[in-house]
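Read the structure below first, then the notes.
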Amino acid sequence: MLSNFGECEDRDFEELIRLLKLSRLSFDKGELEGLCNDIKNVRALLLRVSKYKDLRVDPLYNVWDKTLNPPDEVAERRVEISWLSDDRLKNNMVKVPWRGG
Amino acid sequence: MRRATASAVLEGIFSGSLSPEEHVMEIYDNIKKWEPKVKGFITLLDEEAVLRRAKEVESLLKDGKRPPLAGLVVAVKDNISTKFAPTTAGSRMLSGYVPPFNATTVERLLAAGAIIIGKTNMDEFAMGSTTELSAFWPTHNPWDLERVPGGSSGGSAAVLAYGGADLALGSDTGGSVRLPAAYTATVGLKPTYGLVSRYGLIPYANSLEQISPMARSVKDVAMLLDVVSGHDPFDATTLNAGPTRTSSVAPEDPSKLSICVPHEMIDGSDPPVRSTILKLLDRLEAEGVKVSYDASLPSAPDALPVYYTIALAEAASNLARYDGKLYPFVVLRPNYTETVTSTRSEGFGREVKRRILLGVMALSEGYRDEFYVAAAKGRRIIRDEVLGMTKKCIIAGAVSPAPPPRLGERISDPLKLYALDVYTVIANLAGVPSLAVPAGFYDGLPLGVQFMASPLEEGKLMALGQLVEDVTGLRGVMA
């Protein structure tokens, strides 16, 4: 028994902890019960899409398909160090704060 | 003085009866009167810089040039990059971030002689339908300050509704310009996917969102669309098409317009919403428009879960970039993992974090087929139903199931909040254009109607929208 989280059962809470770790997020302890219930409720709404899971249709990941013209090529794209302000740079290189930069 | 439409302002500027500088001063008068109550802007640009810009436009006019938006004042949603003003996307995570480049739409506005006055409030990262989920403050609806202006482009809509700008840019991922338009008696168009460049738009859900024009009349929206639309080599998802010419579309003979009203696009709406839309459709029918109620989009009731599954999955992926390395906001901790977790936990608001968690779930091992892939299959079915119908007629329906909610009424329960998008997400899933125009008022509150057409049929929507304005008399109304 992990704890009593309102309508959330232990497995819902374990799932929440797994998602928090994957997402690199944390919440205050006091918010976890509400969050667990919210996630459970929204998950139930989203689960309505599972009825399409076994249908023999191609997933549509974007609306290009054959309906609209295929997109053109992207122009060359570069990021220049000169775009950054001085406080983000050290010795003409990007500072990385947790490496002491 | 408040001027009803941008077209009227432009006429004054081109005729010489109004100078851009005088017009900017008029706009500032409105802002000073309304902004403390409405709070539509996150950043108002320095008044002197704006007046300098007005003088620049004035000298262009003196040189005989006629840029299409000369001297018009434009408000820009705060998720559209501007190198001359902070771009926060309504989030603490981006506080202090000034992009090193302008979005393509911003560059096009400036080239067209527009005067950008400020960046407007929004739900954090465009995740919300009321503009209460901004990290800064909620925006109030100028028609009733106790109510929300809709979201997520609620700042842009509220500013238009009180006369703080002539035109505005929003972004629409699942109804984010159409809901605010409906709640504030303004006009919003979600263009065909790929018609307007997303380069410089802080991303939420790439396959669904479009930068979208907003104004107080259909003609003004058309004018703005003509400037910002067209292929952009910096955005691989823009169409191989030039800018639209919708502002010069001639009024359509009503008898050539055909509207279908699928019951799914109006079922479940509150009685005042339903009766206002049905009354409007009766009046359009009396003008000669063919209106059919014998229509159905059978998969539309699944649009909301399909939309949210896809949107949240894309959001989780997009928001992974906020780790304290690329943007100014960082919470330093002794090691890398703790720094990333603390930065994300303190930089994002509660709703954004909730959506990231659900998006990660939809994409994670063991769930992907059941959620994300299944939703993408559902999207194809919904898209095919919509395209099948728009080949025959323009689809009409409600924008929101209810009049503008009171502040605090919806945000405590995510399901109640998401339900506001039930009629608008369909156009984003299908990639088709959708126009929201004022349909009438109930108890002093604005109500809107939505029309969807086939891809690239924005001109047809503009023609119908102008007819709706003629019938309702609600062109250029202000709070």
- Query: For the pair residue B:412 and residue B:292, how long in nm is the line joining their label points, each one 7 Å along Cα→Cβ?
  - Reply: 4.6
- Note on the structure: If each K or R counts +1 and each D or E counts -1, the residues other than residue B:411 whose Cβ falls under 9 Å of its Cβ total -2
- Within straight-line cross-link reach of residue B:37, lysines at Cα separation under 22 Å, skipping those fewer than 8 residues along the same chain: B:77, B:119
- Query: How many nm separate the modelled label positions at residue B:282 and residue B:66, each set 7 Å beyond the Cα in the direction of the Cβ?
  - Reply: 4.4
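Apply 1/(1 + (r/R0)^6) to the Cβ-Cβ distance of residue B:236 and residue B:384, taking R0 = 30 Å, and write down the FRET efficiency to the nearest 0.05.
0.75
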- Query: Once you list every other residue whose beta carbon is under 14 Å from the beta carbon of residue B:39, what net charge do they have if Lys and Arg are +1 and Asp and Glu are -1?
  - Reply: 0
- Task: Please list the equivalent ellipsoid semi-axes of chain B, computed as the square roots of five times the alpha-carbon gyration tensor eigenvalues, in descending order and whole angstrom.
- Result: 31, 29, 20
- For the residue B:326, residue B:245 Cβ pair and Förster radius 35 Å, calculated FRET efficiency rounded to 0.05 is 0.35
- Under a 5 Å amide H to amide H cut-off, with H placed in plane at 1.01 Å, what residues pair with residue B:442 once short-range neighbours are removed? B:447
- Query: Expressed in whole Å with the largest first, what are the equivalent ellipsoid semi-axes of the stretch B:279-372 derived from the C-alpha gyration tensor as the square root of 5 times each eigenvalue?
  - Reply: 44, 18, 9
- Take the Cα of residue A:84, step 7 Å along the line toward its Cβ, and report every residue of the stretch B:311-331 whose backbone nitrogen sits under 14 Å from that point. B:324-329
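With viscosity set to 0.890 mPa s and temperature to 25 °C, compute the Stokes-Einstein D of the stretch B:323-479, Rh being the Kirkwood radius across alpha carbon pairs; µm²/s, no decimals.
Values: Rh = 19.3 Å.
For the chosen part, D equals 127 µm²/s.
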- Query: Measuring from label point to label point, each 7 Å out along Cα→Cβ, what is the residue B:111 to residue A:11 span in nm?
  - Reply: 5.8
- Message: As an exercise, use a Förster radius of 22 Å and the Cβ-Cβ distance of residue A:92 and residue B:333 to find the FRET efficiency, rounded to the nearest 0.05.
- Response: 0.20
- Query: In deg cm²/dmol and to the nearest 500, what is the mean residue ellipticity at 222 nm of chain B if only DSSP H runs of at least 4 residues count, each as -39500 (n - 2.57), divided by the residue total?
  - Reply: -11500 deg cm²/dmol
- Task: Please list the non-local residues whose amide H lies under 5 Å from the amide H of residue B:118, H modeled 1.01 Å from N, same-chain partners needing a gap of 5 or more.
- Result: B:45, B:76
- Rounded to the nearest whole number, the Stokes-Einstein translational diffusion coefficient of the stretch A:10-50 at 25 °C and 0.890 mPa s (Kirkwood radius, C-alpha pairs) in µm²/s is 227
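Please compute the net charge surrounding residue B:62, taking Lys and Arg as +1 and Asp and Glu as -1 over other residues with Cβ under 14 Å from its Cβ. Walk me through the numbers on the way to the answer.
Values: positive: B:55, B:65, B:66; negative: B:21, B:56, B:58, B:63.
Every neighbour counted, the sum reads -1.
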- Query: Which of the trypsin sites (Lys or Arg not before Pro) across the stretch B:291-371 are loop residues per DSSP, with 15 or fewer other Cβ within 10 Å?
  - Reply: B:368
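Using a simple charge model, +1 on the beta-carbon of Lys and Arg, -1 on the beta-carbon of Asp and Glu, nothing else, what dipole does the stretch B:17-155 show about its Cα centre, in debye to the nearest 20?
About 260 debye.
Find the percent of Cα-Cα distances in the protein assembly as shown that exceed 34 Å, and round it to a whole number.
More than 34 Å apart: 37 percent of the Cα pairs in the protein assembly as shown.
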- On full extension of the chain, what length is gained from residue B:22 through residue B:365, given 0.36 nm per residue of separation minus the C-alpha to C-alpha distance? 117.5 nm
- Item | For q = 0.13, 0.17, 0.19 Å⁻¹, Debye-computed log10 I/I(0) when each Cα of the stretch B:312-365 counts as one equal scatterer | -0.31, -0.52, -0.64
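Since every read-out is calculated from the coordinates, none of them should be taken as a lab result. If you're wondering where the values come from, they're calculated on a predicted model, not measured in any experiment. All Cβ positions, even for glycine, are placed from backbone atoms using ideal geometry, and neighbour counts span all protein chains on display.
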